[in-house]
Amino acid sequence: MKRALVVGGSLAGLSAGLFLLRAGWDVHVFERSKDDLSDQGGGIVTQDAMWQALAGAGLTGRPGVQLKRRIVYARDGSILGEHREDETVTSWDALYRMLHGAFPPERYHLGREVEGYDETAEGVALRFTDGRTAEGELLVAADGVGSAIRGQMHPEVKPVYAGYVAWRGLVPEGELPAHARAALVDAFSFCTAPHEQMLSYTVPGDDGEEGFGRRRHNFVWYRPAEEKTALRDLLTDEDGETHHPNIPAMHAHADATLSPAYAAFVRATEKPKLQPINDHLCPQLVSGRVALIGDAAAQARPHTGAGTSKAIGDAAALAAALRDSDDVGEALRRFEAARLPIIREMVEHGRWLGRHLDPNEPGDGTAEGEDQAVDTLLRVAARAKDGNAAE
Ligand SMILES: Cc1cc2nc3c(=O)[nH]c(=O)nc-3n(C[C@H](O)[C@H](O)[C@H](O)COP(=O)(O)OP(=O)(O)OC[C@H]3O[C@@H](n4cnc5c(N)ncnc54)[C@H](O)[C@@H]3O)c2cc1C
């Protein structure tokens, strides 16, 4: 039986592990974190193609919350547009628990940080930071945006800062003030201002609960931040600590910029997180017996709502190509030819959706005139493009 070594035990790595096991490979997943990754993360927008791919690995559950409508709110709380449609959103931890629970624990190795790899006559040899090694016929790099494997394959590829950050928050829905709950719960909602965008949706509770009152509400608030100066200031709190956003400034800005429901939501958030928005695209997904998947291969801006669907789609496409051929090198080349155009389109789509958020872009900081901007949020943002971008 051929052996596959997967580096990274998050969503891309676990799904690659599951798909490759079903395709008859002897798979081992190596994750640098010493602890299980559950109990982390926020909301995840899902695409139908992702659930279909997971069903192909025998995972037929869809842990998540069914939303019924999208709404765009104006700053004064009035509704600028509304669109009725079912969509499923979930949380990172619910998805991780599902994948992790289905993967054989004896094949999932925590505390194993990979330093690099060497090509061998039969395939690849991994080098770990603790001096150990492992050999296999295939190396799958699912080690995320800072991938050590991509760093070795393509050292010139680096994430590019988009000119803005996202503040993220997660609040148990019972802790939202009643007026905010009435406006936001069970909907995918937005509120925009020049060069800014707020969005939110309901996700499962921290133990995966999907019942009303036991779930959480998740927001993502995009705001411009200059890379060298403002970004550093945003990360400085009252005590001079550099790992938390400046909460009082955040509250004041929420009151001045967002609808009343969103301002209350921001104030109800105990520990907001800050994420600089970057993207990158590796020009090759494959080199010899090595394949890059998930964020290691490319990261689209989060407006696509497809990062996780893409990661799982990459893993499914890789396993499908390998199932159809005994020649690993040839299968990897087919995987790249099929997948790279889809990924490239997704990265470009993310740039297009986020273009007005970059303060350096020309224009007044609104997407394309208010009516069209509202329509884009209701019908285009965070959806699979032309049915295939998130395959
Ligand atoms: C704990 C966690 C929470 C997240 N929460 C969210 C969220 O709430 N919302 C959202 O949209 N996205 C979230 N993400 C990112 C999201 O998982 C990815 O953008 C997307 O699903 C693609 O996943 P990935 O597996 O390619 O990359 P990642 O999820 O980034 O996983 C990469 C994995 O590789 C491991 N790794 C890195 N380097 C090495 C190495 N040298 N050796 C061994 N292992 C290595 C990392 O520890 C990590 O577990 C989260 C990621 C993590 C790790």
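Here are the numbers:
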read-out: Where labels lie 7 Å past Cα in the beta-carbon direction, separation of GLU115 and ARG232 in nm; value: 3.3
read-out: GNM flexibility winner over the chain from THR257, THR120, THR46 (Cα, springs under 10 Å); value: THR120
read-out: Added length on full extension, which subtracts the Cα-Cα distance from 0.36 nm per residue, ALA256 to ALA268; value: 2.7 nm
read-out: Computed label-point distance, nm, for sites ARG62 and ARG214 using a 7 Å Cα→Cβ extension; value: 2.0
read-out: Potential lengthening between GLU122 and ARG333 on full extension [0.36 nm per residue; Cα-Cα distance subtracted]; value: 74.2 nm
read-out: Segment 148-268: relative contact order in percent, alpha carbon pairs under 8 Å with at least 6 residues between; value: 28
read-out: Cα-based shape type of the chain, given that a ≥ b ≥ c are square roots of the gyration tensor eigenvalues and the cut on a/c is 1.5; value: prolate
read-out: For segment 28-42, Karplus couplings with θ = phi - 60° (6.51, -1.76, 1.60), whole Hz, Gly/Pro x; value: 10, 10, 10, 10, 6, 4, 7, 10, 3, 8, 5, 6, 10, x, x
read-out: GNM flexibility winner over the chain from LEU184, LEU377, LEU110 (Cα, springs under 10 Å); value: LEU110
read-out: For the chain: lysine pairs under 25 Å (alpha-carbon distance), excluding those fewer than 8 apart on one chain; value: 11
read-out: Accessible-area composition of the chain, carbon plus sulfur, in percent [1.4 Å probe]; value: 48
read-out: Separation of alpha-carbon centers, segment 151-201 and segment 291-332, rounded to whole Å; value: 25
read-out: Span-like helix ranges in the chain, DSSP H, alpha carbon extent 30 angstrom or more, Kyte mean at least -0.5; value: 328-354
read-out: ALA225 long-range amide H proximity, modeled H, under 5 Å; value: TYR164, VAL165
read-out: Full-stretch length increase - ALA178, ASP206 - with 0.36 nm per residue and alpha-carbon distance subtracted; value: 8.0 nm
read-out: Convex hull volume per residue for segment 272-367, taking Cα atoms only, in Å³; value: 109
read-out: Cut-off 17 Å, label 7 Å out along Cα→Cβ of ALA249, residues of segment 180-210 by amide N; value: 196
read-out: Cα radius of gyration and Dmax for segment 41-200 (Å); value: 21.4, 66
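The values are calculated or read from the model by the stated rules, or taken from the named source; none is laboratory data. Computed from a prediction, not measured in an experiment: that's the story for all the values here. When we count neighbours, we look across all protein chains shown, and the Cβ atoms used for this are built from the backbone with ideal geometry, even at glycine. All accessible areas refer to the heavy atoms of the entire protein, side chains included, with ligands and DNA or RNA removed. Shrake-Rupley method; radii C 1.70, N 1.55, O 1.52, S 1.80 Å.
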